[in-house]
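The values are calculated or read from the model by the stated rules, or taken from the named source; none is laboratory data. All of these numbers come straight from a predicted model, not from anything done at the bench. Glycine also receives a Cβ, built like all others from the backbone with ideal geometry; neighbour counts cover every protein chain displayed. Accessible surface areas use protein heavy atoms only, side chains included; no ligands, DNA or RNA. Shrake-Rupley method; radii C 1.70, N 1.55, O 1.52, S 1.80 Å.
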Amino acid sequence: MRQNSSRLKARNKRIGLVPTMGYLHEGHLGLVRRSVKENDVTVVSIFVNPSQFGPKEDFAKYPRNLKRDEKMLRGENTDILFYPSVNQMYPKTYLTYVNIEGLTDFLCGGARPGHFKGVATVVAKLFNIIKPDTAYFGQKDAQQAAVIKKLVSDLNMDLKIKVLPTAREKDGLALSSRNSYLGAKERSDAKVLYQSLLLAKRMAKGGERSSVKIITAAKKLIGKKETAKIDYVEIVDAKTLQPVKKISREVLVALAVHIGKTRLIDNITLKAR
Ligand code: AMP
């Protein structure tokens, strides 16, 4: 992969990268399509990264289907599919990790200690191997996007990060590889994530400025679903991700909810009128 990238760079080809953990859906493909449009060569990486999963999380059972993914990527004119093995990425002698301080202590970082250290590490490795001009990420993982932007700016990495809007099912549920874990009742209950974000939006539009009031209402709505257990519902500054008490600028309403055993996340941005 490094040799391929070096050769492409020597020929002044623009490389776009879409890093994924596979089990692709339309959300991933939206990123791929944008990269294909904007670059000479699009690389999609598929790597279920063990260092971003906690010991009690779903690394082993995370859905995988390389054949199906490969077929979907061929349909999108992807140039290169990069799918390293765990041993190639983390040989027994591996010792180096990238830690972004502060930004990773709360929201998903609070609930999943070490998660963003794993994400930043694998993304830094992918950037060094693939040498993209632009890398594409989804707003669905808003904290991840913020962490990666910080990684790139703090470590003087020479590439652009683009963050694209969240792709959703017709009923609003954000597309996610983990949706495949949901049973029928859970799938129906999972709609409440987006519904509670829309409620937050309506309240803010109606003039409500108090984060506590909006969060309380969102939690109440989620609490009505039998299979739902709230991890967090927060309103934070859209750039710094620091909690905001009064909505007076652009904020992110971000939440993580367990539906049965499946942990789902979602978010929307709100602007004060
Ligand atoms: P994953 O395979 O879940 O690690 O996701 C790979 C990339 O796709 C990340 O940048 C995600 O933010 C992005 N992504 C995942 N789901 C969606 C979605 N529903 N809409 C847009 N981007 C997404």
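Charged side chains reduced to their Cβ positions (Lys and Arg at +1, Asp and Glu at -1) give region 33-113 a dipole of some 400 debye around its Cα centre.
The residues of region 191-247 expose, per residue, 57 Å² of accessible area to a 1.4 Å probe. Taken about its Cα centre, region 174-215 carries a charge dipole of roughly 140 debye when the Cβ of each Lys and Arg holds +1 and the Cβ of each Asp and Glu holds -1. Among the listed pairs K191/K229; K117/K185; K67/K261; K149/K271, those whose Cα-Cα separation exceeds 25 Å are K117/K185; K67/K261.
If Lys and Arg each add +1 and Asp and Glu each add -1, what is the summed charge of the other residues whose beta carbon sits under 15 Å from the beta carbon of E38? Local charge sum for E38: +3.
For E208 and K160, a Förster radius of 25 Å and the Cβ-Cβ distance give a FRET efficiency of 0.10, rounded to the nearest 0.05.
Protein heavy-atom surface of the chain, 1.4 angstrom probe: 50% of the accessible area is carbon and sulfur, with nucleic acids and ligands not counted. Full extension of the chain between S153 and E101 yields a length gain of 17.4 nm, computed as 0.36 nm times the residue separation minus the alpha carbon distance. Here each label is just a point 7 Å from Cα along the line to Cβ, and for Q242 and H258 those points are 3.2 nm apart. Loop-located trypsin sites (Lys or Arg not before Pro) in region 90-186 (DSSP state not H, G, I, E or B) with no more than 14 neighbouring Cβ atoms inside 10 Å: K92, K170.
Axis of helix 66-75 versus longest Cα principal axis of the chain: the two differ by about 80°, to the nearest ten degrees.
A simple rule links phi to the HN-Hα coupling: the Karplus curve 6.51 cos²θ - 1.76 cosθ + 1.60 with θ = phi - 60°, which for region 52-61 gives 9, 9, x, x, 9, 8, 9, 3, 5, 9 Hz, with x for Gly and Pro. Using only alpha carbons, the chain has a radius of gyration to Kirkwood radius ratio (Rg to Rh) of 0.97.
Just tell me the longest site-free run in the chain, where the sites are GluC sites (Glu not before Pro) in a DSSP loop having at most 11 other beta-carbon atoms within 10 Å.
In short, 102-225.
Between the Cα long axis of helix 26-38 and the first principal axis of the chain there is an angle of about 50°, rounded to the nearest 10. From the largest down, region 154-213 spans 45, 37, 20 angstrom on the principal axes of its Cα atoms. For region 156-167, the Karplus equation 6.51 cos²θ - 1.76 cosθ + 1.60, evaluated at θ = phi - 60°, returns couplings of 6, 7, 9, 7, 9, 10, 10, 10, 9, x, 6, 8 Hz by residue, with Gly and Pro reported as x.
For helix 211-223, what angle does its Cα long axis make with the longest principal axis of the chain, in degrees from 0 to 90 and rounded to 10? Tilt of helix 211-223: around 90 degrees.
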